[in-house]
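Remarks on the structure that follows.
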Amino acid sequence: MTDQPVPSGDSGLGPMGDVQLLAAMLRSDQAEVASYARVLSGALARALPPGMVEIEHQRSVSDRLAGRPGRAVRLVVHGERRDLELRESENGRIDAELRQVVHGVTISRRSVGMDDWLQALAYDLTRIAARDTAAREALQRLLYG
């Protein structure tokens, strides 16, 4: 990652304040992978580089018959040097993982709590927004309406 400035937006809190604001917004009322998938597959995903957000769905027979995508059970956000993954565990909880990636190869992985995962996601999204106008505008709409 390069040491480019992170956008400060309208919060008045500076770059790290915006990261904290984004993490807090994503944290509120998000209890399942599907909730995060909805947030990340909306307008923000369309502004991010293609292929950055990967969502795996589990489809029931009724989903298939109705042409619905099913319920999101796994979400991966591909960053510059790491992947952030959320997946639904068998007991209905969310498992979060950060993977360090070099040239497309995972060299390490570690399970983290949701707060750490959200901080990593917010940081990565903010860095992308610093380089990309469409991503910056989508992030500002998400944060400030």
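The values are calculated or read from the model by the stated rules, or taken from the named source; none is laboratory data. Given the structure is predicted, the values throughout are model-derived calculations rather than measurements. Backbone-built Cβ (ideal geometry, glycine too); neighbour counts: all protein chains shown.
Brief remarks follow.
- Pairs meeting the criteria (first residue in region 91-107 and free of Cβ contacts under 8 Å to residues at least 24 places away in the same chain and surrounded by 10 or more Cβ atoms within 10 Å (Cβ to Cβ), second residue among the basic types (Lys, Arg) and assigned to a loop (DSSP other than H, G, I, E, B), beta carbons under 9 Å, at least 6 apart or on different chains) are Gln100/Arg81; Val101/Arg81; Val102/Arg81.
- Residue match in region 95-114 (condition: assigned to a helix (DSSP H, G or I) and in contact with a strand residue (DSSP E or B) (Cβ under 9 Å, 6 or more places away or on another chain)): yes
- Checked against (1) in a helix (DSSP H, G or I); (2) surrounded by fewer than 18 Cβ atoms within 10 Å (Cβ to Cβ); (3) touching a Lys or Arg at 6+ places or on another chain (Cβ under 8 Å); (4) charged (D, E, K, R), Asp124 meets all criteria but (2).
- Any hit, region 60-73, residues being within 16 Å of the chain's Cα centre (by Cα) and either closer than 21 Å to Val33 by Cβ or not in a helix (DSSP H, G or I) (or both): yes
- Residues located in region 48-71, provided they are of a type in the set (Lys, Arg) and over 28 Å from Arg141 (Cβ atoms): Arg59, Arg64
- Leading residue by the ranking (farthest from Pro49 (Cα to Cα)) among those in region 70-90 that are of a type in the set (Gly, Ala, Ser) and either without any contact (Cβ under 8 Å) to a residue 12 or more places away in the chain or crowded, with 19+ Cβ neighbours inside 10 Å (or both): Ser89
- For region 54-80, filtering for residues that are among the hydrophobic types (A, V, I, L, M, F, W, C) and at pLDDT below 85 leaves 1.
- Matching residues, region 48-67, being under 30 Å from Ala130 (Cα atoms) and out of contact with any strand residue (DSSP E or B) (no Cβ under 8 Å at 6 or more places or on another chain): Leu48, Pro49, Pro50
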